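Read the figures in this text as sums done on the coordinates, not as results from a lab. Here the structure is a predicted model, which means the values were calculated and not measured. So basically every Cβ, Gly included, is an ideal-geometry build from the backbone, and we count neighbours across all protein chains shown.
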Amino acid sequence: MTWSDYGRLLLRHGWLMVAGAAVCGALALGLSTVQEPIFRAQARISMIPSVMDWRMRDLTKELARNAVATFPSDKLLAAVQEETGLQTDANSLKAGWDDGELIITIEAFASDAATAGALARTAATEFHRRRTLQFAEQDFIEFIEFEIRNREPELHRIAPNVTTNMLAGLFVGFTAGLALVLILHWRDEEWLLTRQAIEKSVPQPVLGRLRSN
């Protein structure tokens with residue numbers, strides 16, 4: 001089968017691919033509208049060494065990694081719940097560390113932007129307060145300073161991603177339509193090669209069959 005044959009096949013049955021893409025794209029759009037939205041709020045806290053040499057940077061990184069690894073602690077989570085009046089769990093709060101910029105990023109996730117922002121803001125404030133007290137008790141406060149970079153957290157809607165869902169639906173529908181076109185073509189080819197199909201297509205009966213090696 002040549003490329004021109006495939007082209008004629010697509011022109012003949014191409015509507016199946018278009019229909020498949022349209023149906024799956026519409027389903028993806030519909031699912032995106034009924035999915036519960038998820039918002040992410042981010043608050044950033046800088047850890048600033050008093051002396052920017054490699055020893056202080058390494059100490060700052062080690063302390064930050066330890067703080068992130070234990071975030072959120074049970075006490076911090078309880079304080080956030082008490083301050084905001086919201087029932088949340090550890091899965092709604094996360095923390096990350098940037099070695100290059102020496103910044104701790106606190107993230108909060110919720111189904112609405114206001115809740116996510118309140119959780120991130122309160123968690124960052126409580127984290128800043130507790131770590132400042134802890135470092136003061138350990139005599140690190142003279143060497144490392146905490147600073148909240150953004151008092152109002154950055155808000156992003158991360159799910160559902162309508163564009164991604166639509167593109168995925170269109171791709172799946174188009175691929176399914178293409179597969180259906182090829183299956184129908186191969187089925188027709190096999191059917192046309194049978195004796196009964198040939199006798200229906202021509203007025204003379206089939207007298208024999210030659211094999212090609």
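Ordering PHE127, PHE71 by the number of other Cβ atoms within 10 Å of each residue's own Cβ, fewest first, gives PHE71, PHE127. Seen from LYS61, the other residues with C-beta closer than 12 Å to its C-beta sum to a net charge of -2, counting Lys and Arg as +1 and Asp and Glu as -1. For the stretch 38-159, the share of alpha carbon pairs falling in successive 5 Å distance bins from zero is 2, 12, 22, 24, 18, 11, 6, 3, 1 percent. A cut-off of 5 Å between modelled amide H atoms, ignoring neighbours fewer than 5 places along the same chain, links ASN150 with ARG44. Each Lys and Arg adds +1 at its Cβ and each Asp and Glu adds -1 at its Cβ; summed about the Cα centre, the stretch 38-159 shows a dipole of about 240 debye. Exposure proxy shown here: for ILE38, ILE183, ILE144, the number of other Cβ atoms within 10 Å sets the order, fewest to most, as ILE183, ILE38, ILE144.
With the charge dipole of the stretch 45-120 set up from +1 on Lys and Arg Cβ and -1 on Asp and Glu Cβ about the Cα centre, the Cα lying farthest toward the positive end among the listed residues ILE48, ALA114, LEU59 is that of LEU59.
Dividing the mean sequence gap of close Cα pairs (under 8 Å, 6+ apart) by how many residues the stretch 38-159 holds gives a relative contact order of 47 percent.
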